[in-house]
Every structure is written in structure tokens, then in C-alpha cells.
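Single-structure report; data block below.
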Amino acid sequence: MDVVSAGNRVVLTALDPRDLETLARWDEDADVTRFAGRRFAGLATALQWWRQVRSDARHVVLAIRTRDGRVIGDVELVHIDWLRGEAELRIRIGEPRFRSRGYGREAVEAAAAYAARRGLRRLYLRVDVRNEPAIRCYLRAGFRKSGRLKAGHRPAAGVADLYLMERILAMATASGEGVSVKFR
Ligand SMILES: CC(C)(COP(=O)(O)OP(=O)(O)OC[C@H]1O[C@@H](n2cnc3c(N)ncnc32)[C@H](O)[C@@H]1OP(=O)(O)O)[C@@H](O)C(=O)NCCC(=O)NCCS
């Protein structure tokens with residue numbers, strides 16, 4: 001697996017089709033889907049989703065792995081506008097025992113470094129105002145609140161406002177590029 005960005009304990013790689021079964025499992029975890037939603041509509045559609053993302057220049061999905069190659073989450077850049085240099089970030093730490101231990105912050109930092117190297121200048125995200133661990137993670141990773149959005153009803157989360165948060169990206173920073181991890 002080629003590493004596209006790295007933190008101390010996490011590396012980001014392309015998502016491999018062999019990861020899809022794990023992602024489908026996270027889609028069944030209410031603690032994940034309440035605020036992050038589902039990636040795809042069941043394992044049967046996963047490969048189709050993966051192929052479609054790969055052919056979409058405005059969408060990047062990366063696996064978040066421990067340094068021994070285990071996939072523990074995923075991070076997406078969506079609605080990428082290469083001309084304006086901005087994209088929306090979405091993240092999940094799918095494996096419960098890896099949450100609230102700083103892996104999310106590291107993965108957001110690594111994704112921001114990757115985005116900067118790809119030429120993006122600004123990342124933004126939307127987060128439910130009740131999702132305190134996520135908000136804290138994003139603040140620690142250099143995002144700032146820049147607005148409050150009125151949300152419509154979302155199936156798993158109900159009705160609640162969203163914070164719009166953003167991070168202006170510095171010039172490209174140190175990368176984990178060129179490193180390789182063994183897939184397992
Ligand atoms: C949101 C998410 C990506 C954050 O990743 P993470 O690895 O759990 O986050 P981190 O450990 O880097 O940071 C979490 C912070 O919240 C704090 N925290 C944890 N539970 C908390 C709570 N109930 N209330 C307030 N803060 C809390 C942690 O102490 C930590 O802060 P610290 O670094 O100052 O100690 C991850 O929890 C996740 O995937 N959750 C489920 C899906 C989701 O909500 N995705 C985001 C949708 S916008």
C-alpha cells in the first residue's frame with residue numbers, strides 16, 4: 001500500500017477493495033452513522049461505490065491505517081473544487097477502540113497535509129453541534145468555527161444545527177510519501 005500522508009501513529013493510503021467489508025461493518029455501527037452517515041447501501045453496492053469514487057476527480061477517499069497496515073477509519077475530500085482550491089472533509093474512526101485517543105486528530109492533520117500537497121488552500125467541514133468529540137478533534141487539528149447552519153432533518157441524527165468549520169492550509173508540509181506499509 002502506498003502511503004500518501006502520515007502522522008506519528010497513522011498513515012493514509014488509497015482505499016483498497018479488501019477494505020470494503022470493514023467499511024460495511026462500520027456502516028452498521030450507530031455510534032458512527034448517527035453523525036457521519038453511511039458510506040454505501042450495503043456490501044452489495046460497495047464495489048460499485050468504490051469504482052464510482054475512483055473515477056470522480058472531485059472525490060478522494062483514503063483509508064486511515066495504523067502503521068502496521070490495519071484500517072481503522074476513512075477520510076474523504078468531497079466537492080473538491082480544484083480551481084478554487086477547496087474541498088469538504090469528512091472523517092470516521094470506525095474502530096471503536098481507536099476513538100478518543102488522538103487518532104482522529106492525527107488523521108485530519110495528515111489529510112490536511114495531503115490536501116495542501118495536492119494544491120488545495122482551504123478545507124471546510126460541517127459538524128453537528130452536539131458532536132463534542134468531533135468538534136474537539138477538529139479544533140485540535142487547526143479548524144476554526146466559521147458559521148452555524150440550520151440543518152434539515154437527518155435520518156439518524158434528527159434535527160440540530162451544524163457548525164461550519166474551516167482550516168486555511170499552509171504550504172505543503174512534511175509527508176509520509178514514499179513509505180510503504182504491508183496490507184493486512
Ligand atoms: C469524530 C472522530 C473522527 C474523532 O476522532 P477521534 O480519534 O475520536 O478524536 P481525537 O481523539 O483525535 O479527539 C477527540 C477529542 O474529544 C475529546 N472527547 C472525547 N469524548 C468527548 C465528549 N463526550 N465530550 C467532549 N469531548 C470529548 C477527547 O478527549 C479529545 O480531546 P483531547 O485531544 O483534547 O483530549 C471519531 O470520534 C469518529 O469517527 N466518531 C464517529 C463518527 C463521527 O462522528 N464522525 C464525524 C462526523 S462530522
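Taking the Cα centre of the chain as the origin and placing charges on Cβ (Lys, Arg +1; Asp, Glu -1), which of Ala112, Leu77, Val53 is farthest toward the positive end of the dipole?
Ala112
Assign one of three labels to the range 1-70, namely rounded, prolate or oblate, based on the Cα gyration tensor with a ≥ b ≥ c the square roots of its eigenvalues; rounded applies when a/c is under 1.5, prolate when it is not and a/b is larger than b/c, and oblate otherwise.
Details: a/c = 1.80, a/b = 1.25, b/c = 1.44.
Taking the square roots of the gyration eigenvalues as a ≥ b ≥ c, the range 1-70 is oblate.
With charges set only on the Cβ (+1 for Lys and Arg, -1 for Asp and Glu), what does the dipole of the chain come to about its Cα centre, in debye to the nearest 20?
400
In a shell of Cβ-Cβ distance under 14 Å around Arg9, excluding Arg9 itself, what net charge do Lys and Arg (+1) and Asp and Glu (-1) give? Kindly include the intermediate steps, with their values, before the conclusion.
Numbers: positive: Arg65, Arg67, Arg70, Arg97, Arg99, Arg101, Arg105; negative: Asp68, Glu95, Glu106, Glu109.
Overall, the nearby charge balance is +3.
For the chain, compute the orientation-averaged projected area of the C-alpha convex hull (one quarter of its surface), in nm².
On the way: hull surface 39.7 nm².
Orientation-averaged projected area of the Cα hull: 9.9 nm².
List residues of the range 5-21, by number, whose backbone nitrogen lies under 11 Å from a label position 7 Å along Cα→C-beta of Arg54.
15-18
Return a whole-number percent for the relative contact order of the range 3-168, with Cα pairs under 8 Å and 6 or more residues apart as the contact set.
Details: 293 pairs, mean separation 33.7, N = 166.
Reported as a whole number, the value is 20 percent.
Read-outs: derived from the displayed coordinates by stated rules, not from any lab. Keep in mind it's a predicted model, so treat the numbers as computed, not measured. Here Cβ is always computed from backbone atoms with ideal geometry, including for glycine, and neighbour counts include all displayed protein chains.
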